[in-house]
Structure formats: structure tokens, C-alpha cells
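Have a look at the structure below before the remarks.
Each value in this text was obtained by applying a stated rule to the coordinates, not by laboratory testing. What you see is a predicted model, and the numbers here were worked out from it, not measured in a lab. Quick reminder, even Gly has a Cβ in these numbers, built from the backbone with ideal geometry, and neighbours come from all protein chains shown.
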Amino acid sequence: MPKHMPTRLDPRSPLVLDTRDLPRRPGALRTIKRVVPAPADLGLELIGVPEGADLSLDLRLESVSEGVLVSGTVTGPVEGECGRCLRPIRDSLTVTVQELFAYANSTTDETADEDEVGRMQGDLIDLEPTLRDAVVLALPANPLCRADCPGLCPGCGVHWDELPADHSHQQTDPRWAGLSQLTRKEE
Ligand SMILES: [Zn+2]
Ligand SMILES: [Zn+2]
């Protein structure tokens, strides 16, 4: 009896890898190059891969004694918005994946924690959790349209790029000036 009941995988699902034509002999190799549509919610709150966008898989599947080692890259577009100025960001992302998927009932399957290594489900490998982890790790939690984005003026909400260098909302009313001097004395 398996220790955990895996959800049934659909072999036609784009991120499910079928290993039926990979011999279970250590060293046997197969490569997978395909373009698949991105699943929903691949990414973070402010930035991610749009659902249905083209993801290019360039993977190597290698039989090892305990299972199948999947390694390679996944490339796709990312869209989001700048955490400082909310301008749209369009970029592309390449992530490296490398994970061992253990055969059912192998020593690794029986001894390793579930979050340490993946599990084969029969001849199938579900790449989606691995891909999600890799994408989330690669994306910035606070994306910027450019590294030195100055953001928006808190006074009027206009991007600093579009404002003159001496732009300010400082009060010029003399009564306010007096008040600020008072505050400074109290400090
Ligand atoms: Zn920005
Ligand atoms: Zn302003």
C-alpha cells in the first residue's frame, strides 16, 4: 500500500511527463523539448507567467537506480506591475529545474520525505509542483520596472520621471513655515 494516495495524473496534461519509452536502466536518457500552455496562477501576486502563455520545456530525463532525474530549463514570458510605480512589466524568465522522481516502492520512496524528492506515479511524472517552486523562487517579490525606478510622488501620484526636478508640495504659506520651526524646536 502506498503511504499517500496520489492524485491521479492525466497523461495528456501538458506538464505531465510520460516515461513509458524511457528504459528503467540507470543511464538511459531521453530529452523532451516541447512548448506547452502555462497553467493558471504560475507566479506571485505582482508578477507571473500569464495563463496559457507559451512555456518552452527543454528537459532531460535520466533513469537512475531509484527513479528518474529530471533536469533542464523552462522558459516563458512574465507579466506584472512595478511595485513602486505600477507600470506594466513585460519580461521573460528562464528557470532551471532539477528533481529526482522516485519509483514507487523504491528505497528512496520509502525513506525520503515527500517534500525532499518527487514521486513517480506509475510511469508518469507531474512536473507542475517542481515548476511552480522554481518560478516562485526566481521571481522578485517586489518587482520593479527598472532597478532605479523612483516611484510616484506621494503628493500627487505622478511618476517622478514626468515631474520637473524641483517638483514639490511644500507649503509656502508663512504660517506653516512658522509651525514647522516650532516643531523643530521641540525635537
Ligand atoms: Zn516603476
Ligand atoms: Zn507631486
Checklist entry - Looking at region 47-96, which of its residues are of a type in the set (Val, Ile, Thr) and more than 19 Å from Pro23 (Cβ to Cβ)? => result Ile47, Val49, Thr73, Val74, Thr75, Val78, Ile89, Thr94, Val95, Thr96
Checklist entry - Using beta carbons and a limit of 9 Å, which pairs, at least six apart or on different chains, have the first residue in region 136-159 and over 18 Å from Glu79 (Cβ atoms) and of a type in the set (Gly, Ala, Ser) and the second one away from ligand 2 (no atom under 11 Å from the Cβ) and part of a loop (DSSP other than H, G, I, E, B)? => result Gly151/Cys82; Gly151/Gly83; Gly151/Arg84; Gly151/Cys85
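Restricting to region 118-143, name every residue that is part of a loop (DSSP other than H, G, I, E, B), more than 11 Å from the chain's Cα centre (by Cα) and surrounded by fewer than 18 Cβ atoms within 10 Å (Cβ to Cβ).
Once the filter is applied, which keeps residues that are part of a loop (DSSP other than H, G, I, E, B), more than 11 Å from the chain's Cα centre (by Cα) and surrounded by fewer than 18 Cβ atoms within 10 Å (Cβ to Cβ), region 118-143 yields Gly122, Asp123, Asn142.
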Item to check | Candidate set from region 73-83 (those that are away from ligand 1 (no atom under 16 Å from the Cβ) and either charged (D, E, K, R) or surrounded by fewer than 17 Cβ atoms within 10 Å (Cβ to Cβ) (or both)); member that is nearest to Asp148 (Cα to Cα) | outcome: Pro77
Checklist entry - So, in region 72-99, of the ones that are among the charged types (D, E, K, R) and more than 25 Å from Leu61 (Cβ to Cβ), which residue ends up nearest to ligand 2 (Cβ to nearest atom)? => result Arg84
Checklist outcome for this item: The number of residues in region 75-109 that are of a type in the set (S, T, N, Q) and in a loop (DSSP other than H, G, I, E, B) is 2
